[in-house]
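Novice: Below you will find the structure I want to go over with you.
Just so you know, all these numbers are worked out from the coordinates, no wet-lab data involved. Quantities reported herein were computed from a predicted structural model and do not represent experimental measurements.
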């Protein structure tokens, strides 16, 4: 079972290229943002069923849907 899913961003380009999945047994898996990938498809199903993706985009990054993320820097 999935505990949580987080989008991971490339620090140089501020572009999300993978999902980090943490399972209930604390295993971690990384899945590319590729609609042809079956794990990606499973994530999309999980989201459609009410799962929420943690999106800690760098400040100024445009998230899906056009919303601009303005997260304060971590000190």
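Novice: To two decimal places, what compactness ratio does region 2-59 give when its Cα radius of gyration is scaled by 2.2 N^0.38 Å? Please list the in-between numbers first.
Specialist: Working: Rg = 11.4 Å, N = 58, 2.2 N^0.38 = 10.3 Å.
So the Cα radius of gyration is 1.10 times the expected 2.2 N^0.38 Å.
Novice: I would also like to ask the following. For Cα pairs less than 8 Å apart in space and 6+ apart in sequence, what is the mean separation divided by the residue count of region 2-59, i.e. the relative contact order in percent?
Specialist: It comes to 37 percent, rounded to a whole number.
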